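Engineer: Supplied in structure tokens, the structure appears directly below.
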Amino acid sequence: MIVTLTLSDSEDTLAATVSGEFNDQDFQILRNFASQMNRVKEATLLVRGFSGITNMKWEAGAGMTFTCAPYTNAELYELLHVLRPVTLEEERTSFQKIIALLGKRFKDKTFAQHCRALRHIFEEGELSQYMQIQVGGQKLFHNSILRLWLNGTQYHTDQEKAQAWAKLEVALTERNARALAIGQVHSRVKALLLLDHTVNLVLTKDAQPIAPADCLKPPMS
């Protein structure tokens with residue numbers, strides 16, 4: 001089936017019209033992704049409003065301080081659980097595999113630019129588009145922060161990564177390190193929601209669409 005989408009930027013300016021051919025297997029994979037994303041959108045933290053780093057300030061004697069919105073451990077654990085099928089690369093419904101599928105079907109420069117923007121938000125974090133801070137050679141707005149936190153304390157208990165995370169907490173303070181990790185999770189969720197929006201636009205062309213997500217205009221730069 002040929003699917004045609006009209007893409008617009010954040011100010012409703014027409015950016016491109018793209019077309020691609022999707023087969024039944026493609027639609028099934030996209031439906032599976034949309035189904036997993038429905039679970040993500042039902043997570044308590046997203047329902048009540050999920051934000052990343054809400055404030056950054058320099059304090060004499062304390063250095064840089066990062067603040068994130070409050071959340072409970074139960075809310076965080078729930079979110080991390082439902083994110084696994086769409087964030088772990090080996091999963092069939094991972095962000096990486098879904099965006100690669102769309103990129104293969106929509107062979108268009110503007111759409112490719114859109115995909116690069118989403119990949120950057122997902123991998124490096126939204127704030128890294130505007131600034132970067134390093135402490136002891138460690139980039140603070142970088143996916144290495146998230147990998148250390150997830151593999152050392154959340155998804156896995158890798159001893160080497162757990163020790164590296166503990167050293168980071170000493171260097172930055174536990175509060176700052178955790179805020180930076182949550183900021184990276186927030187960026188991944190944003191990229192996933194934007195990808196989910198595009199997927200649902202494709203699925204509305206199929207005979208068995210998933211209910212569309214809330215309208216979020218994809219970044220075109």
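Engineer: Of all accessible surface on segment 30-106 at a 1.4 Å probe, what whole percent is carbon and sulfur? Write out the running numbers ahead of the final one.
Structural biologist: Numbers: 1990 of 3850 Å².
With neighbouring chains kept in place, the figure for segment 30-106 is 52 percent.
Engineer: Collect residues whose amide H, placed 1.01 Å from N in the peptide plane, falls under 5 Å from the amide H of C68; neighbours closer than 5 in sequence don't count.
Structural biologist: T54
Engineer: Per residue, how many Å² of accessible area does segment 16-92 show with a 1.4 Å probe?
Structural biologist: Values: 4150 Å² over 77 residues.
Accessible surface, normalised per residue, equals 54 Å².
Engineer: Quick one: how many Å² of E90 are accessible to a 1.4 Å probe, rounded to 10?
Structural biologist: About 130 Å², rounded to the nearest 10.
Engineer: For A16, enumerate residues with amide H under 5 Å from its amide H, sequence gap 5+ or separate chain, H modeled in the peptide plane.
Structural biologist: Sorted by chain and number, the residues that satisfy this are L7.
The values are calculated or read from the model by the stated rules, or taken from the named source; none is laboratory data. Note that the coordinates shown come from a computational prediction; the quantities given were computed from them, not determined experimentally. SASA here: full protein model, heavy atoms, side chains in, ligands and nucleic acids out. Shrake-Rupley method; radii C 1.70, N 1.55, O 1.52, S 1.80 Å.
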